[in-house]
Structures are given as C-alpha cells and as structure tokens.
1. Within the chain, how many lysine pairs that are 8 or more places apart, or on different chains, have C-alpha atoms less than 27 Å apart?
2. Hey, what angle do you get for helix 9-38 against the long axis of the chain, alpha-carbon based, 0 to 90 degrees rounded to 10?
3. Per residue, what accessible area does the chain have, given a 1.4 Å probe and all protein chains present, in Å²?
4. When the gyration tensor of the chain is built from Cα positions, what are the square roots of 5 times its three eigenvalues, in whole Å, from largest to smallest?
5. Carbon and sulfur atoms: what percent of the 1.4 Å accessible area of the chain do they account for?
6. When you take every Cα atom in segment 20-87, what is the radius of gyration, and what is Dmax, the widest Cα pair distance, in Å?
7. Report, in debye and to the nearest 20, how large the dipole of the chain comes out about its Cα centre when Lys and Arg carry +1 and Asp and Glu carry -1 on their Cβ.
8. When every alpha-carbon pair in segment 80-171 is counted, what percent end up more than 19 Å apart?
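The values are calculated or read from the model by the stated rules, or taken from the named source; none is laboratory data. For clarity, every value in this text was computed on a predicted model and none was experimentally measured. As a convention, Cβ positions derive from the backbone with ideal geometry for all residues, glycine included, and neighbour counts pool all protein chains shown. The accessibility values were calculated without ligands, DNA or RNA, using every heavy atom of the protein model including side chains. Shrake-Rupley method; radii C 1.70, N 1.55, O 1.52, S 1.80 Å.
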Amino acid sequence: VKFRRTPGKNRKKEVSQAMSEKALSGFKNRVLQQLAMSAPGGFKLRVTLHRLRGVKIGKDCWIGYGALIETACPEFVVIGDRVVIGIRSTILAHFQEQTGVKIKDDVYIGACALILPGVIIGEGAVISAGSVVTASVPPMTVVQGNPAKRVARCGVPLGLHTSRAEFVRQLKSLDSK
C-alpha cells in the first residue's frame with residue numbers, strides 16, 4: 001500500500017513565500033525600469049539601474065532617455081561593450097517561443113528603434129532611427145525600415161567617438177542602382 005503525501009502547513013507556507021518573493025522581485029524590477037527610463041546619466045545611472053534589474057551590459061555603454069529594455073525578463077538581454085541605445089528605443093526579449101536578444105560590441109541603435117525577441121545584432125551594426133528589427137543583423141551592416149532591411153555596409157563602427165562625417169565617408173551602399 002502506497003500512501004500519498006498531502007501538502008501540509010510547511011508546503012503551503014513554502015509556496016506562499018515563493019509567490020511573495022516573485023511578486024516582490026517583479027515589483028523591484030518595474031520600479032528600477034521606471035527609474036532607468038527617466039533618470040539622468042546615460043553612461044552611469046541608467047546603465048547601473050538596468051544591471052541591477054538583471055540586464056547583462058558591457059563596458060562604456062550609453063542608454064538614452066526613455067529606453068525600454070525588456071520589462072519582465074531582463075536577464076534575457078545581453079548588451080556588449082561600447083553600445084549606444086537611442087532615446088525611446090525598445091528591446092523586447094521574449095514572446096511565445098522566441099527568447100533573448102544579443103547586442104554585440106560597437107552597435108549603434110537609433111532613436112525609437114524596436115528590437116524584437118530572438119534577434120542577434122552583429123558587431124558594429126547600425127540600426128536606423130525608427131526601425132523595427134525582426135531578424136538578426138550581420139556585423140558592420142546598416143539596417144532601416146519596418147521591417148528593417150539591409151541598406152549599407154559600414155567601414156567603421158558608428159560610436160560616440162566616431163564623427164558622422166567619417167562614418168558616412170566609409171559607408172558602402174547596398175543599393176543595386
């Protein structure tokens with residue numbers, strides 16, 4: 001004869017405690033997200049607040065005002081070194097079976113861009129302002145539009161220390177004209 005174990009008071013207490021911890025963690029994450037969206041300091045404070053949430057962020061990154069980085073599962077986002085994330089950009093890292101976003105080193109994401117789950121953005125890539133990135137982006141490639149399409153190859157990464165003139169001078173159009 002086998003006896004089934006019924007949940008006792010200790011098991012109910014464990015489940016209740018786990019649910020409370022998860023709710024508290026979610027609340028903390030949302031508060032840190034809201035602070036990060038409106039806090040000054042694109043190099044220091046915003047980056048630190050997103051790291052506290054669980055976003056993996058490399059060195060010398062800049063996050064613009066109002067940038068929204070995955071609210072529910074920030075640990076699904078990995079951001080490399082010297083990445084620029086433009087103001088009001090959005091990075092979503094989970095939806096149904098699609099999870100994770102990886103942004104490699106020296107990437108520039110323009111203002112109001114939207115990065116969807118399952119995307120890897122290659123080293124030195126540039127996402128034009130307002131673009132919707134639905135598929136992975138090769139290294140040293142400029143994409144734009146909705147959905148984002150490849151429009152040029154970069155000669156140098158566009159970063160905070162690259163002049164616009166130098167960047168534009170080394171662009172190679174993919175236009176077939």
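1. Final tally of qualifying lysine pairs is 28.
2. The two axes meet at around 20 degrees.
3. Numbers: 10870 Å² over 177 residues.
I get 61 Å² per residue for this part.
4. 39, 19, 12
5. C and S atoms contribute 57 percent here.
6. 11.4, 37
7. 880 debye
8. That fraction is 31 percent.
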